[in-house]
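Colleague: Quick one: structure below, then a few questions.
Here, each number is a calculation from the coordinates, and none is a lab measurement. The shown structure was predicted, so the numbers you read here are calculated from the model rather than taken from an experiment. Counting neighbours? That spans all protein chains shown, and the Cβs are built from the backbone with ideal geometry, glycine included.
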Amino acid sequence: MEIPKTAFAPADPGEPSFLTLLPPEIRNRIYEILFKRDGHVLLHDPSAVYRSEPKKSEHAFDGTYYDWVYSYRLHCDKLIIKGGEFRHDFHQSISLMRVCRQIYHEAADILYGHNTFMFSRIEGHISGHTDYSQLMHAGRWLSRLGSQIVLLQSVVVDVDTMCLGSCRCDAEFDLLPLTRLIWASSDLRGVIEFGCSGRAKLSRVQTNLLPIRLTETLNNVLTALAITDVLDTKRYDFSNRLLDSIIISPFENIGQVVFHQDLNHNEMPCMEFALSDEGSTLTPTPAGKQRLERLPPIILTKILEYAWTSSDEITFDLDRHAASGLHLNLLQVCASMRKALSLSGRITQRHSVVIQTTSTEPVTNFNEFTKLRDLIYTDVDWIPHEYSAEVFSHLVLVSPHQDSKPLELLLHFSLDHPASLSELRINLREAMILLCYPSLHPKAMLRVTLEYQLGTRTHRQESIFSVAKLQRKLFLFLSEFLSQTPSCAKFPSGTENDLIHPLPNLWVDGHGNIVAASCYGQSCETEHTGRSGLKLNEWSTVELQIQGYEWASTFTGETSISKQQMMGTNYGVWNDELSKQFVPVWCALRSCHWKDWPQKNPTDTLLELH
């Protein structure tokens, strides 16, 4: 049979669609079959879950890169299986809404008006990233609906799948996006609410984190903000440049209305309020007079600069647990004052900082420098701040300005018998935590003082020397120690059990001259004095630098330095554990003065230093 040829021609716009010829009841039934779902229509933000695949340029080693890629793909496969409940097959019928305007409006009324949209996230997926938040996604998704938003009858933000008590992003809630939507359309009153999907983990249902209780609180706060407007914040919504966020902390029963930052980039102004009666009552916190914490950070920094210290010298006395010349009580004034510490780097520019400790024995390790290590890496109780070690390292050890006054470590000997500085013996093994600190001032000094009573007179001797030169001598000495005593300090072979080799005892006298070394845990009979006969104590800085380049490249090709320990020192990672191990200390000393050792010719160094 011959099929007649037909020509394409535009459809007659005046001709009705066959669907529009059906009775409204039948059309609505078709729309319900295609667009209506019996349960909740679960929505989440897939772009925040399936992050981009790791890039090879971000990883130094191929093995690490491929491990990350494998973990990423395995993680995505698990998420795809778990994310099946968020697929509702609307894509198979959504093209029907493009037929004509009449069908679009009729179908949209069923799609948006006969479904309950619940914003949730994949069950058991705990992510501290604030992007993967059902509350944030709800605000973005609803704001893109345009005029169709008035068709909504039920929108629920799921509280069950929030990782309450685990993620910081779920400890505070920004209700401004939902509040603005209700302000813009009164039809949404009672439509948007918080609810429970029944998908909560039993292990997370605790008394103070019960999702049902949190749901009631959030709903009450949303009603108070968006419907009754008890804080009178709607008046600021005439421009989107005024309000920045409305943060609620229901577990602390507080909140704040945050305004946009001003043109001078000062701290964002805010209006604080308290929550009570499960969020039904919002009470503004009286501002009163201009409080200290309300001042801009730049002003607080100036206040700290002048009020922080009372003298030109700041002394941390490790024996008395006191800091003279430094008003530590300022840390207890307010949180803004503590925050301003991060901006007050100029404090160490105008003041010299001294860390001092005392010994009554001529041969000592100053109790393994325990108090010094605690001050650097432990939150000591005599600095009134919950992060005292962080405060100390920022004010004292981190020296962003080359023109700031250098740090000084004072080792004081108070003896009951005559002695000389040359007779003193100081074990610096435990002090390497400070001497190898990555950001230590390049001109830091070490001062040794000796006092003893002879009759009615007090005799005093003093020696001061550069930490930088001491670092160079220690590096050369450890290199010789390594070459002559491989059983005590060999480089690790790369296996996990071989990663830790203890640093030997490092003995110096009161003039900073290296005397001997002994394997850690062994007697002094195994002391090592070096192949050079300790002539390095007589060498100049130039000679030490040249010899250092030779030693810096000696062991790299012959021995296997583990990548794990090299990473620990070459990238600024430094802690109490690494400071007691041979390889990290050796690498840290090399990084202090010979960072360019792979490209450097030792014979060219003499010309540069001169």
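Colleague: Let me check I've understood the local charge: for Asn115, count other residues with C-beta under 9 angstrom from its C-beta, Lys and Arg +1, Asp and Glu -1. What total comes out?
Modeller: Its environment carries a net charge of +2.
Colleague: Using the structure shown, list the pairs from Lys371/Lys443; Lys302/Lys469; Lys371/Lys473; Lys302/Lys580; Lys302/Lys473; Lys302/Lys595 with a Cα-Cα distance above 32 Å, or answer none.
Modeller: Pairs exceeding the cut-off: Lys302/Lys469; Lys302/Lys580; Lys302/Lys473; Lys302/Lys595.
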